[in-house]
1. Against the longest principal axis of the chain, how steep is helix 15-28, in degrees 0 to 90 to the nearest 10, with axes from Cα atoms?
2. Quick one: work out the % antiparallel among DSSP beta bridges in the chain, nearest 5.
3. Only one of the values [x] 67, 48, 29; [y] 111, 33, 29; [z] 65, 48, 37 was calculated from this structure for Cα extents along the principal axes in Å; name its label.
4. As a footprinting exposure proxy, order 280, 80 by other Cβ within 10 Å, with the fewest listed first.
5. Sort 159, 41 so the one with the fewest other Cβ atoms within 10 Å of its own Cβ comes first.
6. Would you please state which residues of the range 191-220 a label at residue 111 would reach in this model, taking the label point 7 Å out along Cα→Cβ and a backbone N cut-off of under 20 Å?
7. Can you give the calculated 222 nm mean residue ellipticity of the chain, where each DSSP H run of n ≥ 4 adds -39,500 (n - 2.57) and the sum is split over every residue, rounded to the nearest 500 deg cm²/dmol?
8. Could you check the simple spin-label distance between residue 44 and residue 180, using points 7 Å along Cα→Cβ, in nm with one decimal?
């Protein structure tokens, strides 16, 4: 590739995962002010979409205000239909070009960055570690305990994508239970689940993830139960007695009388690489190393 050709990196269009990426961009480039500006803009637009604040102008006027077509390094935005009632138009991230390690790098918004890497549209990208477990990690009798275990469970015949490192924007898939289901002195951990017989409450979308994290052997005598659409997951877990759900502080779980057990797996934004595509780009390894170079404990050698 020519020296001026940018390396494209797929990123989420909105939300906390995109903010984590932008914070990393601020750390490894001279664009911290722009990264902060994008985060602030998208938080404002989210508040408008949720009806928490009134817009000063219509969506097209705001989009024009945010845009600077004369500056190749200015952030760009685009419109999507939000899934909320009425399907309002929402302004989301489109792209930003920065210099990293002397190389122009264009971060491009995608609804599904992980799948864009799987289909060889990009060599590098950021997305949730959950998607890797849900889609490509092989199910085995014993579970996965950390992101560093993930690459070993990816069938190279299935995908060329590998996890490089995590960004540390971590919440956890955590065991939760009513205290009375635990024998005296027992810990709420993987070993307890392996000996447990009965129902385990999980979100339906996380069924394969939970199977990958816990392993198929501990789930042999367990039946999955799912929350009703209109109920909080923690409330449903309290009814069932045992479950797995995402937690940061655990306050909602405790409000429902649940105790928190083992953190089973970190749900965080991860840097990923399509190793086949990356080999075709002379500078991809330098960009990957710069984006991953924070010494985070989930970093994986690839």
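Every number in this text was worked out from the coordinates using simple rules, so none of it is lab data. If you're wondering where the values come from, they're calculated on a predicted model, not measured in any experiment. All Cβ positions, glycine included, derive from the backbone under ideal geometry; neighbour counts span all protein chains shown.
1. That helix lies at roughly 60 degrees to the long axis.
2. 75
3. Entry [x].
4. By the 10 Å Cβ count, ascending, the order reads 280, 80.
5. Final ranking by Cβ density, sparse to dense: 41, 159.
6. Within reach of a label on residue 111, which here means backbone N under 20 Å from a point 7 Å along Cα→Cβ, the range 191-220 contributes 205-206.
7. Result for the chain: -8500 deg cm²/dmol, rounded to the nearest 500.
8. 5.3
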